[in-house]
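Here, each number is a calculation from the coordinates, and none is a lab measurement. Only a predicted model underlies this, so the values are computations on that prediction, with no experimental measurement involved. All Cβ positions, even for glycine, are placed from backbone atoms using ideal geometry, and neighbour counts span all protein chains on display.
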Amino acid sequence: MLHTIAPIVENKPGVLVRTAGLFSKRGFNIESLTVGATDNPDRSRMTITVEGDEVVLEQVTKQLNKLVNVIRVSELLPSESVGRELAVIKVAARKEDRSEIMQIVSVIRAEVIDVSPRSMIVEMTGSEDKVEAMVRLLRQFGIKEKARTGKVSMARGATAVGP
């Protein structure tokens, strides 16, 4: 089972390395990791997705809370949060395929951000499932390159994880 946790950490050099190192030392695999500064320039917010059962989640949370630079760790339950991912995909685009690619992009509510004689770059934001659907649809044309951010999540309603 995938779990999403959102640690608030001090915005200092080395915090990301120490946090990621904790996972590797314990043998936990990070499925995705995003990090960025919050409204408070002294704080950063991470969104970490990890595979495992409740025991793994508990161990990860305990270990993160032991790190000096970690201020708070919250779990973001799927039913109580919203998660999105950004994907940028370069797809082979022959002249005769461009209109079909544009139609797929339009239906998925993505956007073409670059066009060259032999390729197009598509940008989309959505759930992991939606990104995967776009990748499957574009694969038939030939994906030349793909970059994905990993999931960024936020609790629904008035609940706030940080600053």
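In straight Cα distance, which aspartates and glutamates are under 18 Å from LYS12, not counting same-chain residues fewer than 8 positions off?
By straight Cα distance, LYS12 reaches ASP39, ASP42.
With charges only on Cβ, +1 for K and R and -1 for D and E, what is the dipole size of the stretch 82-152 about its Cα centre, in debye, rounded to 20? Display every interim value, and only then the final one.
Details: 14 positive and 11 negative charges, 31 e Å.
The dipole of the stretch 82-152 has a size of about 140 debye.
Output the 0 to 90 degree angle, nearest 10, between the alpha-carbon long axis of helix 54-66 and the longest principal axis computed from the alpha carbons of the chain.
The answer is roughly 70 degrees.
How do THR125, THR159 rank when sorted from fewest to most other Cβ atoms within 10 Å of their own Cβ? Don't skip to the end; give the middle numbers.
On the way: THR125 15, THR159 11.
Fewest-to-most ranking of THR125, THR159: THR159, THR125.
Return the ratio Rg/(2.2 N^0.38 Å) for the chain, where Rg is computed over Cα atoms only.
The chain yields a ratio of 1.21.
Considering the chain as a Gaussian network with a 10 Å cut-off on Cα pairs, which listed residue, PRO41, PRO13, PRO78, attains the greatest mean-square fluctuation?
So, out of PRO41, PRO13, PRO78, the one fluctuating most is PRO13.
Calculate how steeply helix 98-108 sits against the longest principal axis of the alpha-carbon atoms of the chain, using the helix alpha-carbon long axis, and give the answer as 0 to 90 degrees to the nearest 10.
40
Straight-line reach from LYS151: which aspartates and glutamates have a Cα under 18 Å away, not including same-chain ones fewer than 8 places off?
Within the straight-line cut-off, LYS151 pairs with GLU31, GLU51, GLU75, GLU80, GLU85, GLU123, GLU128, ASP129, GLU132.
Could you work out the helix-only [θ] at 222 nm for the chain, with each DSSP H run of four or more residues adding -39,500 (n - 2.57) and the total divided by the number of residues, to the nearest 500 deg cm²/dmol?
Using -39500 (n - 2.57) per qualifying helix, the result is -9000 deg cm²/dmol.
Treat the count of other C-beta atoms within 10 Å as a stand-in for reagent exposure and order LYS130, LYS62 from fewest to most.
Ascending Cβ contact count within 10 Å gives the list LYS62, LYS130.
In a GNM of the chain with a 10 Å cut-off on Cα contacts, which of VAL115, VAL70, VAL105 has the highest mean-square fluctuation?
Maximum among the listed residues: VAL115.
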